[in-house]
Each structure stands twice: as structure tokens, then as C-alpha cells.
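Heads up, the thing below is written out as C-alpha cells.
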């Protein structure tokens, strides 16, 4: 395993900690790299880690990046930034069919086409948008409201 690669990713002391304790599978690595860049940077450890590419829908190369990762690497999932509107939204269910997780941040409207979790205070069904789109990881700073919603829809797993 390449210690120099981990040294770039994490500071040397932390990387040695994870290497010595065989804990790389305990970390979720995330980044904006294309598959080619990821393969170059993580080549020595990519089989030992969980990696989640962050895809900005509507950005140049977004669909190509998804295709390249799915073709060449078993990703843990994808984090998607959708934008302020659904203009560039894709069908996540096709990706989910490949046993890949879909992560969308619910904190700010520019990440989720305006379906941010502050709206849940007035309308708990705001989370319907995520479920209907095939999202299965929702980043939130309102865990109580999300858990109540998931339980009400029989989607909460303990």
C-alpha cells in the first residue's frame, strides 16, 4: 500500500494510524476527481477504500464521470449536487439499480433544486422529493424531522 498517497490525502500521522490498524475500510473518501484523476491519485489504495465521487449535475463531463466510474470501479455511491432547479436532474433509479447509493445534501437549496430541509418545518413532506427521486442517503441537520418522516412512511430502519 502506498503511504505517500495517503500522506497526500490525510496528514502523515493520521494515515499511519489507519494503515497500522487496517482501518481504511472505516473511512468514506469523497472527491470531485474524474475517474482518470482518481485512478492516478488513489491507484495503490483504491481496492482498499470506499470512495464516493461528488458529481455536479450540469457541469462539463458530469455524465461521462458517472459512466467512467460505473464502468471501472465499484463506487460506494455518488453524491450529487443538483443545482437550484431540476433542469439537470437525472434518473437516479437507473444508478440505484446497479446497487449504488445516491447521496443528496438537503442543507442548502442550491444542492437539491430548492428542496432544502428548512422547508420541513412547514411541510414534513418535503422529504417526499428525495424518496421519489431515488435518493437513499439524505444529508441533513434536521435528523429529528427526517426520522419522523421516515417512520411515518415506514422507511426507517433501526
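Could you give the angle, 0 to 90 degrees to the nearest 10, between helix 143-152's Cα long axis and the longest principal axis of the Cα atoms of the chain?
The angle comes out at about 60 degrees.
By how many degrees, 0 to 90 and rounded to 10, does the Cα axis of helix 62-72 deviate from the longest principal axis of the chain?
Here the helix axis deviates by roughly 50 degrees.
Specify which labelled value, from [x] 10.4; [y] 26.9; [z] 10.9, agrees with mean projected area of the Cα convex hull in nm² derived from the coordinates of the model shown.
The value computed from this structure is option [x].
Full extension from residue 136 to residue 107: what is 0.36 nm times the residue separation minus their Cα-Cα distance, to one decimal in nm?
Working: separation 29, 0.36 × 29 = 10.44 nm, distance 1.55 nm.
Using 0.36 nm per residue and subtracting the Cα-Cα distance, I get 8.9 nm.
Enter the Cα centre distance for the pair segment 103-121 and segment 122-153, rounded to the nearest angstrom.
10
Read-outs throughout are calculated quantities, based only on the coordinates presented, and are distinct from any laboratory measurement. If you're wondering where the values come from, they're calculated on a predicted model, not measured in any experiment.
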